[in-house]
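The structure appears below as structure tokens.
The values are calculated or read from the model by the stated rules, or taken from the named source; none is laboratory data. Every value quoted in this text rests on a predicted model; they were computed, and no experiment measured them. Counting neighbours? That spans all protein chains shown, and the Cβs are built from the backbone with ideal geometry, glycine included.
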Amino acid sequence: MATPFNPDKQHTIGKPVTISGTGLHSGILADLTLQPANPGFGLLFKRTDLPGQPVIKADCDLVTDTSRGTTLESNGAKISTVEHVLAALVGMGIDNCLLKVNGPEIPIIDGSSAAFVELIEKAGIQEQDAAKTWYSIDENIFHYDDGKRVEMVAMPAMEYQITTLIDFNSPVLGTQHAGLKKITDFKTEVSSCRTFCFLHELEMLLDNNLIKGGDINNAIVIVDKTIDDNELSRLKKIFKKKKIEVKSEGYLNNLDLRFPNEPARHKLLDVVGDLALVGYPIKARIIANRPGHSSNVAFAKKIKQYIKKNKHTKDVPYYDPTAVPVMDQQCIERTLPHRYPFALVDKVIELSETHIVGVKNVTFNEWFFQGHFPGNPVMPGVIQIEALAQCGGILAINLSEKGNYDTYFLKIDNCKFKQMVRPGDTLLLKMELKSSIRRGIAEMHGTIYVGGKLCTEAVLTAQIVKR
């Protein structure tokens, strides 16, 4: 029986898998290999055909071209048409993956994400022992492009939802919209929808040699003008087909639509792929009117900027001094061996299987202020870390089997002190397990907040020992 997909855990693929194909614009045959990656790795491309095999992060700040697809560049290395494979990874819930490609462009395959979804399913989806942090959009974020009549907005929502609307003043295409209420529906509702263009755009691309890898079966071509036999003959030669025709619906060739609104659904697919470049999993309702790669990337940058600006506020624990604590001082004393003057957790206000939040009220009467420093009292950083350690000890012992246990910290990594702690401050001590406790070893990420601001952070590793 398959394990239910847990959206609050990070995921990678189960094994390396490869697909080959031609780039739409370059016409170059390339192999794309998806490889599993560790928690926190993210989505990275590796150009294996270039000296040193440079890595390019899936990051909106690295986008250098959006003319007919999305191109990333880092340290002189480029990778083009990344949106369809990124959409597949996001749509299938993959957080960590290395994408190795031996060419300048991701294969276009059939112009959709379907082949990449099948590739991910072939590899298998592997749940990882690491929490997935979702970033909620708590206020509306807008993007406008008056010249292109583009309007995009991200609104607060409990899930990642997307609606796209397209209107190109085409009697053939008309006005279309598509919606995705749950990202988990991506495979069935969106992944198979192919790219599209108007015939006049196709002619321009062909005249400028920008569609070398095109095939009649990987794009929906909308005939937006009168087309004669000479033009049909030209297209027949270009696409190496015996027969080219205009269907009654106004679409070129023998291609059958997979959905009546397939163009609008493909625009939604592109939005998913381009917004993957935000670099953070988001919970928001996205409404995109006439989206395109350029606008999608500009919108992604605004969302990324918002998250970076407000990221710390999401992590700040809520504290109500009047609320009944989860553990009071007497309960803490029954758990930890520490006593005055080295009992540094006054109460616990949150406690789960993966995290704990404790409170330490700092007063002028603290013993260490006598010497640190006379006339300029500052709480020592080592005492702050000890307070975090004690809080983490409560979490670790709470998760252990019944009995008397002590925690001994083995190492401290990436410790940073961002602001001073003084008398009168209230410390919110937050400890989060980075992975499950194994063989009595617990690794935790610790943060201290004062007045809603991050004060101290570190990664602490402890050993749980029975007395």
Which ones in the range 240-281 are under 30 Å from Thr133 (Cβ atoms) and aliphatic (A, V, I, L, M)? Leu268, Leu269, Val271, Val272, Leu275, Ala276, Leu277, Val278
Members of the range 19-52 that are in a loop (DSSP other than H, G, I, E, B), farther than 19 Å from Ala123 by Cα and touching a residue at least 24 places away in the same chain (Cβ under 8 Å): Gly23, Leu24, His25, Ser26, Gly27, Ile28, Gly40, Thr48, Asp49, Leu50
Do the conditions hold for Gly93, that is, is it assigned to a loop (DSSP other than H, G, I, E, B), within 18 Å of Ala115 (Cα to Cα) and under 21 Å from the mean Cα position of the chain (by Cα)? yes
For the range 441-450, enumerate the residues that are surrounded by 15 or more Cβ atoms within 10 Å (Cβ to Cβ) and not charged (D, E, K, R). Ala442, Met444, His445, Gly446, Thr447, Ile448, Tyr449, Val450
Condition check for Ile397: closer than 23 Å to Thr133 by Cβ, β-branched (Val, Ile, Thr) and modelled with pLDDT under 95: no
Here are some residues: Leu43, Leu86. Which one is among the hydrophobic types (A, V, I, L, M, F, W, C), more than 18 Å from His293 (Cα to Cα) and surrounded by 22 or more Cβ atoms within 10 Å (Cβ to Cβ)? Leu43
Of all residues in the range 200-226 being in a loop (DSSP other than H, G, I, E, B) and of a type in the set (A, V, I, L, M, F, W, C), the one that is modelled with the lowest pLDDT: Ile216
Picked from the range 436-467 (must be assigned to a loop (DSSP other than H, G, I, E, B) and under 29 Å from Lys309 (Cβ atoms)), the residue modelled with the highest pLDDT is Gly451
Return the only residue of Lys411, Lys416, Lys453 being surrounded by fewer than 19 Cβ atoms within 10 Å (Cβ to Cβ), over 18 Å from Asp315 (Cβ atoms), in contact (Cβ under 8 Å) with a residue 40 or more places away in the chain and of a type outside the set (Gly, Ala, Ser). Lys411
For the range 381-399, which positions are under 14 Å from Leu351 (Cβ atoms) and either in contact with a helix residue (DSSP H, G or I) (Cβ under 7 Å, 6 or more places away or on another chain) or touching a residue at least 60 places away in the same chain (Cβ under 8 Å) (or both)? Gly392, Gly393, Ile394, Ala396, Ile397, Asn398
Of the residues Val117, Val101, Val90, which is touching a Phe, Trp or Tyr at 6+ places or on another chain (Cβ under 7 Å) and touching a residue at least 60 places away in the same chain (Cβ under 8 Å)? Val101
Flag for Leu428 being in contact with a Gly (Cβ under 6 Å, 6 or more places away or on another chain) and crowded, with 18+ Cβ neighbours inside 10 Å: no
Pairs with Cβ under 9 Å, 6+ apart, first in the range 350-379 and surrounded by 10 or more Cβ atoms within 10 Å (Cβ to Cβ), second in a loop (DSSP other than H, G, I, E, B) and of a type in the set (Lys, Arg): Val362/Arg422; Pro377/Arg422; Val378/Arg422; Met379/Arg422
Inspect all residues belonging to the range 164-187 and state whether any of them is basic (Lys, Arg), outside any strand (DSSP E or B), buried (at least 17 other Cβ atoms within 10 Å of the Cβ) and modelled with pLDDT of 95 or more. yes
Members of the range 142-167 found to be farther than 15 Å from Phe299 by Cα and in contact (Cβ under 8 Å) with a residue 40 or more places away in the chain, listed by number: Pro156, Ala157, Met158, Glu159, Tyr160, Gln161, Leu165, Ile166, Asp167
Considering every residue within the range 112-125, establish whether at least one is outside the structural domain of Ser435 (by TED's automatic domain parsing), modelled with pLDDT of 95 or more, among the charged types (D, E, K, R) and within 15 Å of Val278 (Cα to Cα). no
What are the residues in the range 137-151 that are crowded, with 18+ Cβ neighbours inside 10 Å and more than 19 Å from the chain's Cα centre (by Cα), if any? His143, Val150
Ala130 being among the small types (Gly, Ala, Ser) and under 30 Å from Glu249 (Cα atoms): no
